[in-house]
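Just below is one structure, and these are the notes that go with it.
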Amino acid sequence: MNRQAPIQAKTCRDAPILKERGQREVFCGLTGIIWLHRKMQDAFFLVVGSRTCAHLLQSAAGVMIFAEPRFGTAILEEGDLAGMADAHEELDREVARLLERRPDIKQLFLVGSCPSEVIKLDLARAAERLTQVHAPHVRVLNYSGSGIETTFTQGEDACLASMVPVLPATEERELLLVGALPDVVEDQALSLLTQMGIGPIRVLPAPRSSEAPGIGENTVFACLQPFLGDTAAALTRRGARMIAAPFPFGEEGTTLWLKAIADEFGVDDATFERVTEAPRARARTAIANASAALRGKSIFFMPDSQLEIPLARFLTRECGMEAIEIGQPYIHKGLVGPDMDLIPSGPVISEGQDVDKQLDRVRAARPDLTVCGLGLANPLEAEGLTTKWAIELVFTPVHFYEQAGDLAGLFSRPIRRRDLLKLEAVE
Ligand code: SF4
């Protein structure tokens, strides 16, 4: 019998994936509320959880002080957890009190947590019941933000996916941009696409429930974040079609993302060049300036934000870094496949986490930079490794051309700081 030669993977899409299912070190999906509540101005996020959940939200929200906050926690007390009190009755009472006090709320999200899931509190049933009570003024939806899910960015995915079934139907051919980006970055995307003559363009999540986009068979959508797999699936079930492309990080990613949309809408090459030429040049210059410290340096991604594969593509192809391992909490090739196509095989591609084993690999490789969660960063710094907190990447504007230099800067800063500390130590 002929022995077949092993097939050599040419890009990361074909490379074998190291799948790990052990202890994980990530934040829970409640974290997403911190950026979602800023985008959705008539929404309120009511976490049904414990004092720990309330504490996480308060500390993550940090210095943000609002006269009327758009999130809160309905605390499950011991009686609820022991099944001695009717948590549904208490929830109905709290929601009624909240909505009476806050007539500006038009969308209420009941957000599940570890405690509510452990006691199997049926928030889907509660959302249905409360919608009937408070319609048409308020729509009540539910999703899970619990730490039982894989990682913190799943909170946004679960939130957006919960909205899709109740979006209105439309026959219009529209472009839908999916993902909650800071307004300044979203405006840049809308401006570039509009200059190419593409439209109408809608956004999910919309700033207000009255502006919710319609969905139908003529809707095409492009994801702005690589962690929106459930939302993409829900939109597809409603007949919409996804435009697959690398994610808009860096000059190359932004250009390819825009080009995929431009091709879908029949934009000619001359128009595309005219609109993108100047911002592309600015992005290239900014990246060149910000990435000098990154060239030739190695990087190791622990699985955390779900942005790892697109960022590895940016850092290896546009900033001259070498990826040792690219870990992602879960790999959805329908979303990150186009980015994987651009990364030559070589780095270990890992999915999920077994944190002790992965730390062993970090220690053996001693990369110049390790991208990881907050809980791992300090211990690794104490061992002399340089780290970057992955969570900063979702709180900082990093998409599209005008932010490309800042994105490179986020990674070069810790390396430059380490070099300065070394110099000081020598002097
Ligand atoms: S949802 Fe779970 S992981 Fe998140 S703060 Fe609450 S208890 Fe902790």
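We did not get these values from a lab; they are worked out from the coordinates using the rules stated. Computed from a predicted structure; not experimentally measured. Cβ: placed from backbone, ideal geometry, glycine included. Neighbour counts: every protein chain shown.
Relative contact order for segment 186-277: what percent, with Cα pairs under 8 Å and sequence separation of 6 or more? Intermediate results must be reported in sequence, preceding the final value.
Working: 86 pairs, mean separation 25.3, N = 92.
Relative contact order of segment 186-277: 27 percent.
Starting from the Kirkwood Rh over alpha-carbon pairs, what translational D in µm² s⁻¹ does segment 331-394 have by Stokes-Einstein at 4 °C and 1.567 mPa s?
Values: Rh = 13.4 Å.
Approximately 97 µm²/s, per Stokes-Einstein.
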Computed lengthening from GLU322 to ARG366, 0.36 nm per intervening residue step minus Cα-Cα distance: 14.6 nm
Say R0 is 30 Å: what FRET efficiency, to the nearest 0.05, do ASP341 and ALA288 get from their beta-carbon distance? 0.75
For the pair ASN378 and ASP187, how long in nm is the line joining their label points, each one 7 Å along Cα→Cβ? 3.8 nm
Given 0.36 nm per residue, what is the gain on full extension from LEU421 to GLU78 after removing their alpha carbon distance, in nm? 118.5 nm
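Let me check I have the definition right: for the chain, take the eigenvalues of the Cα gyration tensor, multiply each by 5, take square roots. What are those semi-axes in whole Å, largest first?
Details: eigenvalues 261, 160, 89 Å².
That gives 36, 28, 21 Å for the three semi-axes.
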In the neighborhood of VAL185, defined by Cβ-to-Cβ distances under 13 Å, what is the net charge if each Lys or Arg adds +1 and each Asp or Glu adds -1? -3
When the chain is fully extended, how far beyond the present Cα-Cα distance does ARG102 get from GLN195, taking 0.36 nm per residue of separation? 29.5 nm
Could you give the size of the charge dipole of the chain about its Cα centre, using +1 on the Cβ of each K and R and -1 on the Cβ of each D and E, expressed in debye and rounded to the nearest 20? 620 debye
Based on the Cα atoms of segment 174-279, what semi-axes does the equivalent ellipsoid have, where each is the square root of 5 times one gyration tensor eigenvalue, given in whole Å with the largest first? 22, 15, 14
Do me a favour and compute the ellipsoid semi-axes for segment 291-426 from its Cα gyration tensor, root of five times each eigenvalue, largest one first, whole Å. 22, 18, 14
Using a cut-off of 14 Å between beta-carbons, work out the net charge of the residues near MET196 (Lys and Arg +1, Asp and Glu -1, MET196 not included). -3
Which pairs in the list LYS297/LYS422; LYS19/LYS120; LYS10/LYS297; LYS357/LYS422; LYS357/LYS388 are over 26 Å apart, alpha-carbon to alpha-carbon? LYS19/LYS120; LYS357/LYS422
Give the relative contact order (percent, whole number) for segment 29-149; include only Cα pairs under 8 Å separated by 6+ residues. 32 percent
Mind jotting down a quarter of the surface of the convex hull over the alpha carbons of segment 29-149, in square nanometres, one decimal? 6.9 nm²
Along the positive direction of the dipole of segment 174-279 (beta-carbon charges: Lys, Arg +1; Asp, Glu -1; about the Cα centre), which of LEU181, GLY250, VAL275 reaches farthest? LEU181
Return the distance in nm (one decimal) between the two label points of a simple spin-label model at ALA233 and ARG129, each offset 7 Å from Cα along Cα→Cβ. 2.8 nm
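Ignoring everything except DSSP H segments at least 4 long, calculate the 222 nm mean residue ellipticity for the chain; use -39,500 (n - 2.57) per segment, divide by total residues, nearest 500. Could the numbers behind the result be given before it?
Details: 17 runs with 189 residues, N = 427.
Using -39500 (n - 2.57) per qualifying helix, the result is -13500 deg cm²/dmol.
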Could you work out the local net charge near TRP35, counting Lys and Arg as +1, Asp and Glu as -1, over the other residues with Cβ closer than 14 Å to its Cβ? -2
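To the nearest 0.05, how large is the calculated FRET efficiency for THR170 and GLN41 if R₀ is 22 Å and r is the Cβ-Cβ distance?
Details: r = 23 Å, r/R0 = 1.03.
With R0 = 22 Å, the Cβ-Cβ based efficiency is 0.45.
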Per the charge dipole of the chain (beta-carbon charges, Lys/Arg positive, Asp/Glu negative, Cα centre), the residue among SER305, LEU46, LEU18 reaching farthest to the positive end is LEU18
Considering the chain as a Gaussian network with a 10 Å cut-off on Cα pairs, which listed residue, GLY147, GLY346, GLY373, attains the greatest mean-square fluctuation? GLY346
